[in-house]
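Take a look at the structure set out below.
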Amino acid sequence: MFSLILLSVSSGVAGAAVDKRIPVPAGYVAPSYYPTPHGGWTPDWSESYHKASLLVSNMTLAEKTNITAGSGLFMGRCVGNTGSALRVGIPQLCLQDGPLGLRNSDHITAFPAGITVGATWDKDLMFRRGVAMGEEFRGKGVNIHLGPSVGPLGRKPRGGRNWEGFGSDPVLQAFGGALSIEGIQSVGVIATMKHLIANEQEQYRMYSLAQPGMSSNVDDRTLHELYLWPFAEGVRSGVGAVMMAYNAINGSACSQNSYLINGILKDELGFQGFVMSDWLAQLSGVASALSGLDMSMPGDVYIIPLLGNTYWMSEYSRSILNGSIPVDRLDDSVTRILAAYFQMGQDRNYPRPNFDTNTQDAEGPLYPGALISPRGIVNEFVNVQANHAEVAREVARDAITLLKNINGSLPLSRNSTLKIFGTDAEKNPDGINSCADQGCNKGTLGMGWGSGSARYPYLDSPIDGLKSRSANFRFFNTDSLPSNSNPAPGDTAIVFVSADSGENYITVENNPGDRTSANLNLWHNGDKLVQDVAAAYSNVIVVVHTVGPVLLEAWHDLPSVNAVLFAHLPGQEAGDSLMQILYGDVSPSGHLPYTIPTSESNYPSSVSLVSFQVGQPQDTFTEGLYIDYRHFHAANITPRYAFGHGLSYTTFAFSNATITPVTPLTATPPPRPAKGSTPTYYTTIPPASEAYWPANFPRIWRYLYPWLEKPDADRAAAAVNSSTKYPYPPGYSTTQTAGPASGGAQGGNPALFNTAYRLTVTVTNTGTAPGKAVAQLYVQFPAGIPVDTPTIQLRDFAKSATLAAGESAALELRLTRKDLSVWDVAAQNWVVPDVQGDYGVWVGGSSDALRVRCGTVGAACEERGEGPV
Ligand code: NOJ
């Protein structure tokens with residue numbers, strides 16, 4: 001894990017100040033926001049809060065602090081393990097990665113990655129994959145699933161972890177995230193939406209003694225309209241946990257940024273669950289508590305973990321006894337954690353962990369991070385796969401995005417003679433799990449690397465798929481054109497190429513997470529392989545497994561390159577899902593979740609990777625709202641393939657659109673509902689005895705505990721009367737407030753989510769093959785408004801069932817008040833910039849193929865010869 005890297009960085013290096021803010025460019029601010037709003041004020045959580053607060057009122061100080069932090073790095077079976085409060089029936093809670101399946105375990109499903117899910121544009125599949133994943137986490141005894149990832153958003157095409165999320169658009173990302181959460185939590189697992197926020201680059205993300213983590217400098221409007229959007233939707237779906245990012249926002253580290261946690265997340269978005277740090281991202285004890293952090297993971301200090309040092313646990317007990325942290329802050333954190341536990345029904349027959357993330361052996365140390373640990377059974381090899389391979393395969397298949405298909409080269413005919421090239425077509429010969437956390441790119445690329453990976457239970461490779469079709473093929477397992485392939489006139493050549501990325505603690509082929517040296521090129525000389533095959537064969541199909549955009553220019557227009565498919569990151573189901581498309585059992589129906597450029601210079605320079613800077617690396621989001629297609633439109637650049645592009649074996653026409661006003665608009669939303677009641681917490685400091693070590697407790701060295709030695713606890717209690725006080729930050733207060741106008745329910749003011757317009761559109765299969773259509777809805781703000789807006793912005797989408805040739809279906813889409821608003825920085829609210837104005841509501845199969853325009857003025861729709869871009 002990252003810990004070893006941290007250790008090597010930190011030894012012998014003089015400390016950089018992390019307690020002081022380092023200046024950021026003018027105009028980017030991280031103001032104070034205190035106190036942490038108490039949770040429990042939305043009706044949908046009140047019963048769980050009632051149960052949780054009853055319990056909390058009966059817990060001792062040490063029982064409470066034991067719940068708010070992990071027991072230490074490698075101190076349990078899961079990647080994170082909280083302390084317990086067994087006297088009141090609360091076990092240790094197990095936290096485990098990751099967004100595409102249960103990391104470091106067996107008998108699980110390695111689902112397609114988030115980016116693949118995004119490419120399906122299928123809300124039902126997004127939900128069903130979430131349910132299947134939830135069932136697996138529950139079956140293995142995980143209380144808290146560390147996914148989905150909706151940040152990074154994909155601002156930087158080379159960013160290492162974009163593939164864990166659903167695409168470079170806030171609305172696609174929001175549906176992917178929210179529907180995953182709903183699926184995961186439907187079976188009682190607490191989902192964790194991560195990473196709040198703007199962790200758009202891997203390298204330099206973490207604070208260490210040597211250097212502070214990078215500061216993502218983001219203005220308030222951009223934050224609201226892009227990066228926060230998916231988090232708002234996840235909160236609206238009732239997500240139980242949120243993980244803070246490693247980096248800073250506007251100079252203040254996310255894990256102790258009071259504006260972000262107290263202000264935006266807990267007050268404006270009305271988040272009722274609990275907030276955890278990313279692993280070793282907590283930088284302080286008191287400051288992080290006051291800023292709204294509820295759980296420290298894995299519990300150790302970030303500087304040198306594994307020595308039994310912690311900012312919370314025993315230190316939290318001390319900070320309560322000496323009066324630095326108000327008691328209600330601790331009680332609110334514990335109540336939030338337990339409320340999430342009750343909200344998901346985990347008090348009723350929830351399984352205990354039956355796997356171990358640290359080893360594949362059946363037996364091992366119970367606390368591998370301790371020098372001396374008791375041993376026991378740690379892996380019980382419980383099979384949780386059920387029939388989840390089916391939904392995994394469906395996602396992998398329906399994500400496959402056909403970018404180009406000329407001369408009818410696809411689908412293949414049953415008797416095609418195939419020559420297959422590229423090591424990406426077959427499993428890693430060293431073993432499908434030979435690289436820890438998939439930290440290599442060898443063989444079929446089914447996922448990126450890092451904590452967002454899982455071990456494959458098996459990998460159905462494209463070659464396996466061809467074998468099971470008894471196809472007539474020869475496979476050349478090499479990334480250069482062999483001299484013995486003997487091209488014959490009737491041959492179809494299929495070339496497999498890939499591009500990988502991952503998390504920063506592993507460097508693969510000189511890429512430290514981000515695609516630092518690979519750039520946006522294919523790996524392993526993929527361009528040359530395609531060129532050489534294209535020179536030798538007259539019918540070439542290129543299949544790309546990729547984490548994100550790659551440059552296709554070196555070969556895309558060569559005369560023999562007839563078809564190009566993106567199979568994204570299919571997980572374990574790479575083979576048959578692809579065969580179903582290649583052989584035409586099913587028409588491709590995936591669409592790009594990002595734009596494919598013609599050159600990296602198409603992007604604004606501000607989205608390049610930030611390289612080493614002395615002091616705190618500054619990453620300033622000067623492009624504002626203009627990322628991905630929003631930028632391409634503003635800069636008038638035609639990409640190689642537009643956001644949302646995707647062909648089928650058939651064609652679709654959109655017609656008979658209608659737009660119906662539902663809730664009348666006003667410039668600002670109606671006033672928010674007042675906060676409901678929250679639990680009453682004692683403010684009295686508990687007696688020091690509540691934090692004394694229990695007698696004869698068998699301590700494990702380095703394990704993190706909530707207790708203090710008696711003299712130590714007594715001294716802390718006596719310090720309450722000391723004249724030395726904790727240096728509270730400017731703006732610090734303990735008085736609960738009514739909350740901002742933009743809040744009012746989970747996700748924000750509920751009126752923001754009122755449907756303003758409902759749309760219907762008929763989609764007709766105008767070709768000859770059956771297929772599924774995707775309707776994408778983009779909004780164009782009225783001309784002449786005083787605020788700058790991107791030309792078009794995705795706001796909704798819908799995928800049809802399979803339509804036979806000639807068949808039609810009606811699809812429903814909707815626009816909310818928020819969809820038609822901009823974030824007004826001065827008013828600190830969502831404002832409809834022109835209530836009477838004519839919004840263009842465009843519907844079509846891709847951002848560059850919008851031919852149906854509905855207008856809000858007159859509520860009429862028409863078909864146009866030209867789209868808005
Ligand atoms: C760090 C990663 O950023 C996060 O996504 C993950 O959940 C934790 N490590 C735990 O592995």
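Spatially, region 347-394 and region 121-180 are offset by 22 Å when compared through their Cα centroids. For a straight C-alpha distance cut-off of 19 angstrom, the aspartates and glutamates reachable from Lys64 (same-chain residues fewer than eight places away being disregarded) are Asp294, Asp300, Glu315, Asp328, Asp331, Asp332, Asp347, Glu690, Glu709, Asp712, Asp714.
Rounded to the nearest 500, the 222 nm mean residue ellipticity of the chain from helices alone is -5500 deg cm²/dmol, with -39,500 (n - 2.57) taken per DSSP H run of at least 4 residues. Solvent-accessible area of the chain (1.4 angstrom probe, protein heavy atoms only): carbon and sulfur portion equals 53 percent. Remark: C-alpha extents of the chain on the principal axes read 88, 65, 52 Å, sorted largest to smallest. The largest accessible area among Phe175, Phe166 belongs to the first residue in Phe175, Phe166, and the rest follow in falling order (1.4 Å probe, all chains). On a C-alpha basis, how far is the centre of region 527-597 from the centre of region 641-695 in Å? Whole number, if you could? After rounding, the separation between the Cα centres reads 37 Å.
Can you pick out the pairs among Lys123/Lys194; Lys419/Lys528; Lys140/Lys467; Lys156/Lys799 whose Cα atoms lie more than 25 Å from each other? Checking Cα-Cα distances, Lys140/Lys467; Lys156/Lys799 exceed 25 Å. Overall size of region 202-328 from C-alpha positions, given as principal axis extents largest first: 41, 35, 21 Å. Secondary structure note: in the chain, about 55% of the DSSP beta bridges are antiparallel. Per residue, region 392-649 exposes 31 Å² of accessible surface when a 1.4 Å probe is rolled over the protein heavy atoms with every protein chain present.
The charge dipole of the chain, taken about its Cα centre with unit charges on the Cβ atoms of Lys, Arg (+1), Asp and Glu (-1) only, comes to about 820 debye. Projected over every direction and averaged, the convex hull enclosing the alpha-carbon atoms of region 381-432 yields 6.5 nm². Normalised by 2.2 N^0.38 Å, where N counts its residues, the alpha-carbon radius of gyration of region 772-840 equals 1.43. Straight-line cross-link partners of Lys725 among the lysines, defined as a Cα under 21 Å from its Cα and at least 8 positions apart when in the same chain: Lys20.
DSSP loop (so not H, G, I, E, B), at most 14 other Cβ within 10 Å: list which chymotrypsin sites (Phe, Trp or Tyr not before Pro) in region 689-723 pass both filters. Numbers along the way, then the final one.
On the way: sites: Tyr692, Trp701, Tyr703, Trp707; in loops: Trp701, Tyr703, Trp707.
Taking region 689-723 and a limit of 14 other Cβ atoms within 10 Å, the loop chymotrypsin sites (Phe, Trp or Tyr not before Pro) found are Trp701.
Protection proxy ranking, highest mean first, for peptides 747-756, 598-607, 30-39: 30-39, 747-756, 598-607, where packing is the per-residue count of other beta-carbon atoms within 10 Å, averaged. By the Cβ rule of 4.7 Å, the chain holds the following cysteines without a possible disulfide partner: Cys254.
Distance between the C-alpha centres of region 728-750 and region 437-464: 44 Å, rounded to the whole angstrom.
Candidates Asn143, Met133, Gly154 compared by Cα position along the dipole of region 80-197: farthest toward the positive end lies Gly154, with charges placed on Cβ.
Eigenvalues of the alpha-carbon gyration tensor of region 494-572, scaled by 5 and square-rooted, set the equivalent ellipsoid semi-axes at 25, 13, 9 angstrom, largest first. Between Leu307 and Ala26, the FRET efficiency from the beta-carbon distance, with R0 = 41 Å, is close to 0.50. A probe of 1.4 angstrom, applied to the heavy atoms of all protein chains, finds Thr492 with accessible area near 10 square angstrom.
The calculated FRET efficiency for Val787 paired with Asn525, based on their beta-carbon distance and R0 = 45 Å, is about 0.45. Legend: calculated FRET efficiency, Ala738 to Ser186, from the Cβ-Cβ distance at R0 = 35 Å, rounded to 0.05, equals 0.60. Using C-alpha pairs under 8 Å with a sequence gap of at least 6, the mean separation divided by the residue count of the chain gives a relative contact order of 17 percent.
The values are calculated or read from the model by the stated rules, or taken from the named source; none is laboratory data. The structure presented is a predicted model; accordingly, all values stated were derived computationally and were not measured. For neighbour counting, all protein chains shown are included, and Cβ atoms are generated from backbone atoms with ideal geometry for every residue, glycine included. The protein model used for the area step is the full one, side chains on, heavy atoms only, and it has no ligands, DNA or RNA in it. Shrake-Rupley method; radii C 1.70, N 1.55, O 1.52, S 1.80 Å.
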